[in-house]
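Reading through the structure tokens given below for one structure.
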Amino acid sequence: MKKLLQLAIAASLAAPAVAHADTFDIHVGGICSTDFGSTLGHWAGETSVNAPIDQRESMATATSQMVNTLNQFCTGNNLCFVYVYSNGGAVMSRTLSLFSTSWNIAYVAASASNEGGSEIGGTGFIGEVFGGCDLAGHIGVSDHRNGWNHNVTHGITTGMVAGDGNLAPFIQSLILPGHDDGAVSEASAGGYASAGSHSSICDAGTKYANHQAWFSCEYPDLNHLDMKLKMICNDGGLTTGCPGD
């Protein structure tokens with residue numbers, strides 16, 4: 001995926017790929033985290049960045065830090081690939097919507113994205129899985145879907161992957177509509193413009209602008225925690241320790 005996309009970008013700019021001074025792979029974690037974690041993807045000739053995005057208190061704080069990260073690595077002649085997990089997908093979407101900076105982003109690759117909000121946000125289940133934090137009570141469907149214009153992406157594509165595996169405690173899947181990974185439904189993880197029930201992220205239905213299903217319509221045996229590294233593995237950033245191996 002990555003090599004093919006780099007060639008497409010180079011062709012569209014009518015300039016060789018070497019015109020970019022440096023290529024950075026930005027990794028953004030999920031709810032209640034302050035970074036992506038210890039396991040990052042690595043690609044030859046590129047620099048992986050563990051983005052310091054604090055998702056414990058507010059989306060405003062996380063968005064501000066996302067802006068700072070993109071300003072640091074994704075301007076000038078640099079090129080970025082952005083890998084987001086869970087609520088990191090919402091942070092990235094909000095950042096693109098609210099800021100008009102022309103960052104050099106090839107694409108956003110989203111695993112188990114909570115861009116559309118989770119029906120269990122604020123129910124206490126998020127805290128049971130990820131540990132309690134103030135922001136966990138403000139990542140619901142209404143919070144995220146009404147919080148910004150998800151169709152404003154500045155032409156940047158978000159590729160998405162989703163799981164449909166059990167995640168303890170199992171009862172939260174009774175609240176989430178359709179197929180889900182135990183934390184987010186496929187309506188959110190698939191970039192659909194409306195909440196509701198979906199049996200895969202390839203189902204018919206209107207999606208937010210420039211949001212696509214990549215690699216698979218769903219991973220039926222992978223839960224929300226399993227999905228964290230799935231997009232990175234699919235995109236060639238990890239060859240061992242990948243979910244589903």
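The values are calculated or read from the model by the stated rules, or taken from the named source; none is laboratory data. All values reported here derive from a predicted model rather than from experimental measurement. We place every Cβ from the backbone using ideal geometry, glycine too, and count neighbours over all the protein chains shown. Ligands, DNA and RNA are stripped out before the accessible areas are found, and what is left, the full protein with its side chains, is counted by its heavy atoms. Shrake-Rupley method; radii C 1.70, N 1.55, O 1.52, S 1.80 Å.
Looking at the range 157-169 only, could you name the residues that are at pLDDT 95 or above, in a loop (DSSP other than H, G, I, E, B) and closer than 15 Å to Tyr85 by Cβ?
Passing the criteria: only Ala162.
List the pairs whose first member sits in the range 208-220 and is at pLDDT 95 or above, whose second member is of a type in the set (Val, Ile, Thr) and open to solvent by 40 Å² or more (accessible area, probe 1.4 Å), and whose Cβ atoms are under 8 Å apart, counting only residues at least 6 apart or on separate chains?
Filtered contacts from the range 208-220: Ala209/Val152.
Working only within the range 145-169, note down all residues that are buried (at least 17 other Cβ atoms within 10 Å of the Cβ), more than 21 Å from Trp214 (Cα to Cα) and of a type outside the set (Gly, Ala, Ser).
If the condition is that a residue be buried (at least 17 other Cβ atoms within 10 Å of the Cβ), more than 21 Å from Trp214 (Cα to Cα) and of a type outside the set (Gly, Ala, Ser), then Arg145, Trp148, Leu167 are the ones that fit.
Each row is one residue, and each column tells you yes or no for (1) open to solvent by 20 Å² or more (accessible area, probe 1.4 Å); (2) over 26 Å from Gly37 (Cα atoms); (3) assigned to a loop (DSSP other than H, G, I, E, B); (4) touching an Asp or Glu at 6+ places or on another chain (Cβ under 6 Å).
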| residue | (1), (2), (3), (4) |
| --- | --- |
| Ile171 | yes, yes, no, no |
| Ala183 | no, no, yes, no |
| Ser194 | yes, yes, yes, no |
| His198 | yes, yes, yes, yes |
| Ala204 | yes, yes, yes, no |
| Gln212 | yes, no, no, no |
| Ile232 | no, no, no, no |
| Thr239 | yes, no, yes, no |
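Confirm whether Cys133 is out of contact with any Ser or Thr (no Cβ under 7 Å at 6 or more places or on another chain), surrounded by fewer than 24 Cβ atoms within 10 Å (Cβ to Cβ) and not basic (Lys, Arg).
yes
Please tell me if Gly121 is over 17 Å from Met227 (Cα atoms) and of a type in the set (Gly, Ala, Ser).
When the stated conditions are applied, Gly121 passes them.
Going through Ser86, Ser142 one at a time, which residue ends up being open to solvent by 10 Å² or more (accessible area, probe 1.4 Å) and modelled with pLDDT of 95 or more?
Ser142
Which residues, taken from the range 100-130, are over 28 Å from His42 (Cα atoms) and either assigned to a helix (DSSP H, G or I) or open to solvent by 10 Å² or more (accessible area, probe 1.4 Å) (or both)?
Listed by number, the residues that qualify are Ser100, Glu119, Gly121, Gly122, Thr123, Gly124, Phe125, Ile126, Gly127, Glu128.
So is Ser216 buried (at least 21 other Cβ atoms within 10 Å of the Cβ), on the phi < 0 side of the Ramachandran plot and under 16 Å from the mean Cα position of the chain (by Cα) or not?
Answer is no for this residue.
Please go through the range 163-200 and give me each residue that is in contact with a strand residue (DSSP E or B) (Cβ under 7 Å, 6 or more places away or on another chain) and closer than 21 Å to Val152 by Cβ, ordered by number.
If the condition is that a residue be in contact with a strand residue (DSSP E or B) (Cβ under 7 Å, 6 or more places away or on another chain) and closer than 21 Å to Val152 by Cβ, then Ala189, Gly190, Gly191, Tyr192, Ala193 are the ones that fit.
If His144 passes every condition in (1) assigned to a helix (DSSP H, G or I); (2) under 19 Å from Thr34 (Cα atoms) but one, which one does it miss?
With (1) assigned to a helix (DSSP H, G or I); (2) under 19 Å from Thr34 (Cα atoms) applied to His144, the lone miss is (2).
Is it true that Phe130 is modelled with pLDDT under 95, under 20 Å from Pro177 (Cβ atoms) and not charged (D, E, K, R)?
No: the conditions fail for Phe130.
Report, by residue number, each residue of the range 60-83 that is open to solvent by less than 20 Å² (accessible area, probe 1.4 Å) and closer than 21 Å to Glu115 by Cβ.
Ala62, Thr63, Met66, Val67, Thr69, Leu70, Cys74, Cys80, Phe81, Val82, Tyr83
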